[in-house]
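Working notes, structure below.
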Amino acid sequence: MSNLKALRERVESATGPDRQLDGAIVLALGGPPETALPFQADVAWTYRGGGEWFTPSPRSIGLDIVWKCPPYTASIDAAVALVSAQLPGHSVTLCTGREGRLPWASITNPSGRLVADAEEATATLSVLAALLAALDGRRDLLADLAGVARLAEGVDAGRVLLAARVLHAR
């Protein structure tokens, strides 16, 4: 099982805000962003727990630099900003308040095609589950396309294009 699938299962089983889950999301998506430091430096971040990351100060003054990840599981703004950062140009639609239904979120690509959706305990968890499904689906698609490229060696280019279109339509 991929890290994104396992993380999505954690998001799906969550019932509300969870700082450990926020930290796990950052970890799965590559760690703190380059903008986490007020200066340009090549540093190694270490996850401390509770949504906090740290790195020793490059000036060797004995202080750690701490970065607190956004509260993705508690804030709609943070969850939607994460979608924008991970899937530029994609849109998030959120539906809440339907009687007897959980909050539902969908992500569409720039051409309006549904990429992923989810219905979870909270609106923020729905957005995050949809994002993780979209990212995992994108990785699956890239792996499929790589497989098509390997099979395509010496095959008519029209057939390769047709196979890629079929995979993209999924």
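The values are calculated or read from the model by the stated rules, or taken from the named source; none is laboratory data. Nothing here was measured: the structure is a model prediction, and the numbers come from that model. Because the Cβ atoms are built from the backbone with ideal geometry, glycine has one as well, and the counts that use them run over all protein chains shown. What goes into the accessible areas is simple: the full protein's heavy atoms, side chains included, and nothing from ligands, DNA or RNA. Shrake-Rupley method; radii C 1.70, N 1.55, O 1.52, S 1.80 Å.
At an R0 of 35 angstrom, the distance between the Cβ atoms of Ala121 and Arg48 translates into a FRET efficiency of 0.85. If the segment from Thr93 to Ser13 were pulled out straight at 0.36 nm per residue, it would be longer than the present Cα-Cα gap by 26.7 nm. Each of Leu63 and Leu27 was given a label point 7 Å from its Cα along the Cα-to-Cβ line. The distance between the two points is 2.8 nm. Neighbours of Val11 by Cβ distance under 14 Å: Lys/Arg scored +1, Asp/Glu scored -1, total -4. For Gly51, the residues 5 or more places off, or on other chains, whose built amide H falls under 5 Å of its own are Gly23. Here the Karplus curve 6.51 cos²θ - 1.76 cosθ + 1.60, taken at θ = phi - 60°, turns the phi angles of the stretch 12-26 into couplings of 5, 8, 5, 10, x, x, 8, 5, 5, 5, 4, x, 5, 5, 4 Hz, with x standing for Gly and Pro.
Using a 1.4 angstrom probe on the protein heavy atoms only, line up Thr15, Thr46, Thr55, Thr122 by accessible area, largest first.
Thr15, Thr46, Thr122, Thr55
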